[in-house]
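To start, the structure under review is shown below, and the notes come after it.
The values are calculated or read from the model by the stated rules, or taken from the named source; none is laboratory data. All of these numbers come straight from a predicted model, not from anything done at the bench. Cβ placement follows ideal geometry from the backbone for every residue including glycine, while neighbour counts extend to all protein chains displayed.
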Amino acid sequence: MIASIGMTAAELLDAAWSAFCERNTSRPAWLRGRLERVQARWLERVESPGRLFLGPTGSPAFALLRWAAALAESPPAPASQVEAGVAMLALYFAVRIQDDIVDEDADKNDVYVLQALTAEAMAGMATAGASAAALVTAAEVLGRFADAALEDDALRRGLEPWTPGALARQGAKFLPMAVPLLALASPSEHARVVEVVEAIGRGLQLTNDLLGVRRDLERGLQSPVHVTLGLHPGRHPSTAVGPALRRAARTGTWMELLAEVDAAFVDTRRAAGPRLTEELDELLAGRLRHLHVLLGMATLRARFEAPRVVADIEVTRECNLRCPDCFVFAQERDLRPGHLPSLSMALVREILVELTGYDATLHLTGGEPMAWPSFWDTVEEAGARGIPRLVVNTNGAFVDAAAAARFAASPMEVSLLVSVDGPPGVHERARGQGMEGRALEALRVAHAAGVRAQPASILTEELVAFGVEAWYRWLEERLWMSPGLVLWPLFLQQQPRRQGTGGMLSPEATHRAARAVANLRREKEPIVVADYPVINPLLRRYGVPTEELWACEAGRGRFCVQADATLSPCHPFRLGLGKLEEGQVSGFIERLFAHPDYRRVGEREHTGCGTCAERSVCGSCQAFSMARGEPLGGNDGHCREVLAPESDSIATTSPTRRLATG
């Protein structure tokens, strides 16, 4: 019986399309123009360009027409199928216009076009031989469609919450597709026709939502796919889709969504029974394969294109020490225990979820992060979620053999930065009796456990006078290895100054430090000066390759969540760029990256820097600038002195080139 129908779905579409267009030429020019605009508008939205209803991204409506004809008591003539096809096209355009009408910027006069097309669809049904029973069922079906369309509009505009029942009713949005089928099928098969269309419609709608996840977000519409991915129009920019895809790839959420589509198509086959045409079956399978390929490619692309971010998470400002040169305490008024802020584990957990959408380095800092009660919960959850790298700033007081073993067992690449102030004796003077030994022991046990750990020292006038190279060798002797070294400049000296680690660097001391670091780098020693970009031009001048210089990442993929939940470009830089709240964290990284001040910091368009020849390697530390009370956009206060025209001390080492003044 199926073979006697004669026309393939493609042939049926060609014939119906030709008849539809021929009748359209006899319509007034204004009506023809509106129909053409509807078609052009929709073709711009579909994933692949081409004629409607064709290919794996098109609708299987015309294959369903052939299937419905096979359900007739006697085979209909091809002409009846063509008329039903014209009705299908008319209803398709009517539904497309209805979707456009609910948009606020749509032309409301299109409602008249919708009425004309609906009338043509009914005429097509009559010409195809629709029975009275078919017309009654068609009226019921269109009423259910109207209910579903109104509910769907409220759901997609966020006026109502998505529920499993609402998701199941998504197939009703395709019920107009059933109307022309009723004209061909026998009355005893009408219920089956409606059931099949609803089942296949559920799969088609989920497919459309999967393929249109970015476009719908840009249009402010919330689909069930957005709900599954945790995306909310208005809160998430379209750039948040990539991170959401990466999270879905890690958690298997994509496969759950694909399984929903597959289940809908399985229901279609079950409801259709053995008379489902091979053509329709192949089309459904091909559509699902196409969807798997597209989403597989999107997921792979999302994984390989994951932007790298560095997240400084200041979990607490509480600390077991009160170091006089701590830049965290320098900006606090009340240092009493219990009066310093800390993040909640619930908020940190939401932050970790967001980081899984990126190639992230999680940097836990404080205060003393290991004194925070939820420290180990955070480390374990970050590892379980697949965050690749962890850096911990610590004073070493909590790093014993057991802690080192827990770090070593983490699936993350763990690095510890343990504070060891120099030169010898300064650490204990600043931090307390016995703290130097504890810090050195923390480094030893970490290395013994196979954990990468480096000492971090404050770069001061006193350390430069002792000798950076001498300090490095002193650490080697105490740790029985080449430890590497991170040097932090003294960020903000408290006034009146208590007994601390030493004075802030003068320009001359900065040059001496740069020469010492360059000498150690030539010996392949892993030493770096961090958070002090003004020294970079000097380091490069003294022979350190540009690619080995520490690069300021503030505004360029690095950010900080301060202990009071304020967002800033980096840990020392308390420029408020918003504040996180529990339950509102989702999408915050992309929103932060779009913040005009964050972008301004990343562009390095600071006063006095635009014409500086050293701009390419000097990050012009805005944390230094603002800590001194200067407005955002100035240089860091050291460049004019450090990078001044050549002095005798500079000329003796490099007489061939002058440093520009920032």
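Is there a residue being over 30 Å from THR239 (Cβ atoms) and not assigned by TED's automatic domain parsing to the domain that holds ALA449 anywhere in the range 342-358? Yes - at least one qualifying residue is present in the range 342-358.
Which one is surrounded by the fewest Cβ atoms within 10 Å (Cβ to Cβ) among residues in the range 88-107 that are outside any helix (DSSP H, G or I) and touching a helix residue (DSSP H, G or I) at 6+ places or on another chain (Cβ under 7 Å)?
Taking the range 88-107 first, the residues outside any helix (DSSP H, G or I) are 102-107.
Those left that are additionally touching a helix residue (DSSP H, G or I) at 6+ places or on another chain (Cβ under 7 Å): 102, 106.
Details: VAL102: 13, ALA106: 15.
Per the criteria, the residue is VAL102.
Pairing each residue of the range 74-94 that is in contact (Cβ under 8 Å) with a residue 40 or more places away in the chain with any residue that is crowded, with 23+ Cβ neighbours inside 10 Å and assigned to a loop (DSSP other than H, G, I, E, B), provided the two are 6+ apart or on different chains, yields C-beta distances under 6 Å for SER80/ALA128; GLU83/ALA128; ALA84/ALA128. Of everything in the range 531-555 that is closer than 14 Å to VAL486 by Cα and under 28 Å from the mean Cα position of the chain (by Cα), the residue that is surrounded by the fewest Cβ atoms within 10 Å (Cβ to Cβ) is ALA551. Can you spot a residue in the range 467-488 that is more than 20 Å from GLU436 (Cα to Cα) and within 42 Å of the chain's Cα centre (by Cα)? No, that holds for no residue. Restricting attention to the range 421-436, the residues that are among the small types (Gly, Ala, Ser), over 21 Å from MET504 (Cβ atoms) and touching a Leu at 6+ places or on another chain (Cβ under 9 Å) total 1.
Considering each of ALA191, ALA146, ALA166, ALA199 in turn, give the residue that is more than 22 Å from MET122 (Cβ to Cβ), out of contact with any Lys or Arg (no Cβ under 7 Å at 6 or more places or on another chain) and surrounded by fewer than 20 Cβ atoms within 10 Å (Cβ to Cβ).
Values: ALA191 fails: more than 22 Å from MET122 (Cβ to Cβ); ALA146 fails: more than 22 Å from MET122 (Cβ to Cβ); ALA199 fails: surrounded by fewer than 20 Cβ atoms within 10 Å (Cβ to Cβ).
Answer to the check: ALA166.
In this structure, does MET435 turn out to be at negative phi and assigned by TED's automatic domain parsing to the domain that holds ARG317? So MET435 fails the test. Counted as qualifying within the range 120-212 are the helices (runs of 4 or more DSSP H) with 2 or more residues that are over 25 Å from ALA248 (Cα atoms) and touching a helix residue (DSSP H, G or I) at 6+ places or on another chain (Cβ under 7 Å), namely 132-156, 178-184, 190-211.
Filtering ARG269, ARG247 for residues that are in a helix (DSSP H, G or I), touching an Asp or Glu at 6+ places or on another chain (Cβ under 9 Å), more than 30 Å from VAL309 (Cβ to Cβ) and among the charged types (D, E, K, R) leaves a single hit, ARG269. Beta carbons closer than 7 Å, at least 6 apart along the sequence or on distinct chains, pair a first residue in the range 155-174 that is without any contact (Cβ under 8 Å) to a residue 12 or more places away in the chain with a second that is not in a loop (DSSP other than H, G, I, E, B) for GLU160/ALA154.
Looking across the range 511-533 at every residue that is more than 20 Å from PRO424 (Cα to Cα) and assigned to a helix (DSSP H, G or I), the one that is modelled with the lowest pLDDT is identified as PRO533. Apart from one condition, GLY629 fits all of (1) under 17 Å from the mean Cα position of the chain (by Cα); (2) in a loop (DSSP other than H, G, I, E, B); the exception is (1). What about GLU413, is it among the charged types (D, E, K, R), under 37 Å from the mean Cα position of the chain (by Cα) and over 26 Å from SER344 (Cβ atoms)? Answer is yes for this residue. From ALA311, ALA271, ALA285, grab the single residue that is among the small types (Gly, Ala, Ser) and under 30 Å from VAL561 (Cβ atoms). ALA311 is the lone residue from the list that is among the small types (Gly, Ala, Ser) and under 30 Å from VAL561 (Cβ atoms). Exactly one residue out of GLU462, GLU477, GLU436, GLU441 is in a helix (DSSP H, G or I), closer than 21 Å to VAL534 by Cβ and either acidic (Asp, Glu) or at pLDDT below 95 (or both): that is GLU462.
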